[in-house]
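Let me begin by presenting the structure, written as structure tokens, before commenting on it.
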Amino acid sequence: MADYSKEEIKRIEEKWQQRWREQQVYKTKTDPSKPKYYVLDMFPYPSGAGLHVGHPLGYISTDIVARFKRIKGFNVLHPMGYDAFGLPAEQYAIEHGVHPAISTANNIEVFRNQLDRIGFCYDWSREVRTCDPKYYKWTQWIFLQLFDSWFDRSKQKAERIKDLISIFEKEGNINHRLPNPPTGRTGPKSKIQNFGPSEWKKLSEREKEEILMEYRLAYLAYTDVNWCEALGTVLANDEVINGLSYRGGHPVVKKQMRQWSLRITEYAERLLKGLNEVDFSESMKDIQRNWIGRSEGAKIDFKIKSEKSTVSSMTVFTTRPDTIFGVDFMVVAPEHEMVKEITAAGHQKEVGEYLRYVESRSEVDRMAEVKKITGAFTGAYAVNPFNNREVPIWISEYVLAGYGTGAIMGVPCGDDRDHRFAKHFSIPITNIIGEHYNGEEANPTYDATLSNSDFLDGIKMKDAMQVVIEKLVALGIGEKQVNYKMRDAGWSRQRYWGEPFPVVFKDDMPYAMEEKELPLELPDTNEFKSSGSGEGPLANLKEWINIGPNEKRDSNTMPTHAGAAWYFLRYMDPHNEKEFASREALDYWNQVDVYVGGSEHAVAHLLYARLWIKVLHDLGYLNFDEPFKKLINQGKITGDSRFVYRIRGTHKFVSHGIKDQYETDALHVDVNIVDGFELDTEEFKKWKPDFENAEFILEDGKYICGSAIEKMSKSYFNVINPDKIIESYGADTLRMYEMFLGPIEQSKPWNTSGIDGVYKFFRKLWNLMHDASGEINISDEAPSKDELKVLHKTIKKVEQDINNFSFNTSVSEFMICVNELSSLKCNKRQILEPLVIALSPFAPHITEELWEKLGHKESILNAMYPMVEEKYLVESSYEYPISINGKVRAKMNFALDMPKEDMQKLVLASDTVQKWTEGKDPKKVIIVPGKIVNVVL
RNA sequence: GCCAAAGUGGCGGAAUUGGUAGACGCGCACGACUCAAAAUCGUGUUCCUUCGGGAGUGAGGGUUCGAUUCCCUCCUUUGGUACCA
């Protein structure tokens, strides 16, 4: 009757997918009687290209885990949704006039169909779309929580703004000074820095708001944006590559705009420490640590000697206070506000010219010439506090205004950049590290013993650090300081297709909208081009923007990170209209137990999500402050492209091996008309009208294509659609094969050459349970010891592999199992039933079918994962490899509980050992129980 | 430049509290079935070999009875980051 044929596979998969849908078997409920498990995929951006075989790689792994945990007795939350706001839909709208809402909905439809065909067990009743007003109402609401909070440094947590106001009323800001101004920010800011309670009370409403803005976790400030004149728009950092726009390659310049930012820098330390609590790969943690960029050092005040006395001192940040006596000059960032104050009359011209030069430099120039040494002397001097030595103050663009204090002390013998600077401008170099400095290049060692260093002479640099810091503190001219590279997160986008900011500007100051007014819906429009002045498309909608005399909305929208920063909470309670999720659901589902997605989101998405969860936790909405317990980064599946070589100016195509004899152009050719490397020349002629009259120069009668591993992309014609694989092999084979390809975290090219092996595995399993005529054929006989051993060995290993996310080896275990059962000709129910259950997470369709054939009425999802019975696995004896001087020469079987002395005697008496030792007594015999016996001569 | 990960047959890859390297799959070779081919099934498959054995996990060194696994130096590849003091 039924063979495991293409037709049968199709019938089985359609049958079960339909049944799952009808019976809603994947619907999940909050059920405190069961332990919970939350398995999450990074939700996709629904692009127009649909799914390719690379997308499901991570989804298959989570699907296996979700199904596995479910049959292990967990209540599993395994949802899916769409990161539906974003630039491509907007770009598509500009080019084709299709509203982003429509194209996005269409794309989601395509995605959903493709996902369903792979047999995923998502609870679709919990689907979220970030562009749905019912969803982004809460994105806006959380944004307002950030707006309404500040970071209390003494408690290291977020608090409400109203608490800050009452602190100000009682004691001013003496205990809560202004946070460091956001790096890179130069625009106007609150003029009042420090104040007492009476001063606070005297301030106007507006002045109070300005000060509060300096504390809010979501705040408005003038910050640099990447302005692209040619595109008439602002670009995100990742849309700028080497100073040029990602689309079109136009020059990009910095431009100041008043924008929203998130004060993520206040959370730098907690974001860093939190990494110790979560199970992310070390390299992932390193990338985040790197990004946060913590560095310990000191800030040191230097007195200034200049013509004008308006500025009497400057502060530098250094990680090497131990090198204080090696300071030969100071460098200040050109943008630093003290520059014009200290510049001597005689140096005005030189400094002015240099400032103009710096201003003229575009990002591209700076990127291209990082090693170029430039600078100007201000004519002012700084005084070393320890030896009163006067050193010149320079300005140079290698010192960044946005990091530390925007000023450094130059120690040429210890720092490479300082050294090159000193050499270039002929500044004399002081050597404080003796022979460690060769006069040619700087040596950033920590190991040298200091000399020329006054009270530090003879002290190791490592130890001098502490000595200097103590002295600085004692003198009141410096202290220990920690700096972070991380910047506050720019949160405004000059775009249409995103969440509007839920604020109203009155007199240019933003005020939060009330919760009952949310969501602030994105207005409908047909005009998606930016307004040209650097504002987003919403600025064109005057009626929407201007809501009253002197009352305006924000024309910007939030970045896509906003919706993605908390979506995993919404899945817990997706239809709640009163809260972003109920406390009950949040407490029950809690952290995401395992989160799977691409490493391209390692920095931005993960940091923002971690930030939002920490803030919500601080404000009392959550009882956990890290969202993801475990993170797996699945590798990308790359495409394996094929090329044909056209002889220039002709329609002749030459085979790869002989192409060098001609002048040719390589053209991508659709991988679907190439068999391995051999081109189907007839199909090629039909592929595109241009090639209708193609002629071929063959080698050995074949046209051989060239190849390259590239990103899977439509334009390279190397995209493999999963539907195509499902068409010929079925979803179960696709799933198993993608898992079998290699470790989930590794990137690899797609290659179908091994897929037959997986298909054969299913057929063998099928044949095990069916007779020659295709009828189910199961025996109720009691299984043998061998059969039980094979089964239990397999389920034990597979269980371990799933827990380790090592799916490629679990597929191998199943193959070994079926091979062994085939050679035992085992068709016994007591073996095959547990095996089918264990296989069900990997191959849900065929296992449901077999499960039904085994006489079960309920879905296999309700089965229990088989218990491993160790008694079938324990061995009483073991065949020991006998190695002589490290080389295995023989094998001998011993009971595992045999005393070592007895084993040693038997080993030494054996023929093989006698032969190799030639009668001599060995030096020693090492016996590792259950492992190996080694005889050392 | 800096940080991290990786380097194993013809190919994808297995094996690490140090214990028989190459599991499993692909490919290839041979055999069975067939008039024949395909499909299927079975056997073999790291390399060299005078058939005793020898070499072998990027290269070189070290620790060890024993190293793919630990340590040092170097090479290559991939990812991250970059004038961050």
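Read-outs throughout are calculated quantities, based only on the coordinates presented, and are distinct from any laboratory measurement. From a predicted model like this one, the values you see are computed outputs, not experimental measurements. Please note: Cβ atoms are built from the backbone with ideal geometry, for glycine as well, and neighbour counts cover all protein chains shown.
The table below gives the values:
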{"item": "Among A:P627, A:W750, A:S453 the positive-end extreme of the charge dipole of chain A (Cβ point charges)", "result": "A:S453"}
{"item": "Where chymotrypsin sites (Phe, Trp or Tyr not before Pro) fall in DSSP loop in region A:669-735, at most 16 other Cβ within 10 Å", "result": "A:F677"}
{"item": "A:S198 paired with A:Q746, simple spin-label distance in nm, labels 7 Å along Cα-to-beta-carbon", "result": "7.4"}
{"item": "Added length on full extension, which subtracts the Cα-Cα distance from 0.36 nm per residue, A:V383 to A:L896", "result": "176.9 nm"}
{"item": "Degrees, to the nearest 10: A:844-853 long Cα axis against longest axis of chain A", "result": "30"}
{"item": "Total charge dipole magnitude, region A:792-926, about the Cα centre, Cβ charges on Lys, Arg, Asp, Glu only, Debye to nearest 20", "result": "600"}
{"item": "Magnitude of the charge dipole, region A:712-804, Cβ model with Lys/Arg +1 and Asp/Glu -1, debye to 20", "result": "420"}
{"item": "Where labels lie 7 Å past Cα in the beta-carbon direction, separation of A:S876 and A:N819 in nm", "result": "2.9"}
{"item": "Within straight-line cross-link reach of A:K578, lysines at Cα separation under 16 Å, skipping those fewer than 8 residues along the same chain", "result": "A:K134, A:K137, A:K516"}
{"item": "Rounded FRET efficiency, nearest 0.05, which uses the C-beta distance separating A:E579 from A:E521 and R0 of 22 Å", "result": "0.65"}
{"item": "For region A:808-886: relative contact order, % (alpha-carbon pairs under 8 angstrom, 6 or more apart)", "result": "22"}
{"item": "Region A:246-304 and region A:883-913: distance between their alpha carbon centers, rounded to Å", "result": "61"}
{"item": "Degrees between helix A:282-292 axis and first principal axis of chain A (Cα, 0 to 90, nearest 10)", "result": "20"}
{"item": "Extended-chain gain in nm, criterion 0.36 nm per residue less alpha-carbon gap, A:K255 and A:E699", "result": "154.0 nm"}
{"item": "Expected 222 nm ellipticity per residue - DSSP helices of 4 or more, -39500 (n - 2.57), all of chain A, to 500", "result": "-10000 deg cm²/dmol"}
{"item": "Stretch gain in nm, segment A:H856-A:R420, where the contour uses 0.36 nm per residue and the Cα spacing is subtracted", "result": "149.1 nm"}
{"item": "Between 0 and 90°, nearest 10: helix A:731-740 axis offset from chain A longest Cα axis", "result": "70"}
{"item": "Whole-number percent relative contact order across chain A, with pairs defined as alpha carbons under 8 Å at least 6 apart", "result": "13"}
{"item": "Contact order relative to length of region A:804-937, as percent, for alpha carbon pairs under 8 angstrom and 6 or more apart", "result": "17"}
{"item": "Unit charges at the beta carbon, dipole of region A:761-885: most positive-side option, A:L824, A:W851, A:I778", "result": "A:L824"}
{"item": "Lys, Arg +1 and Asp, Glu -1 on Cβ, resulting dipole of chain A about Cα centre, debye, nearest 20", "result": "1240"}
{"item": "Cα-based shape type of region A:471-622, given that a ≥ b ≥ c are square roots of the gyration tensor eigenvalues and the cut on a/c is 1.5", "result": "oblate"}
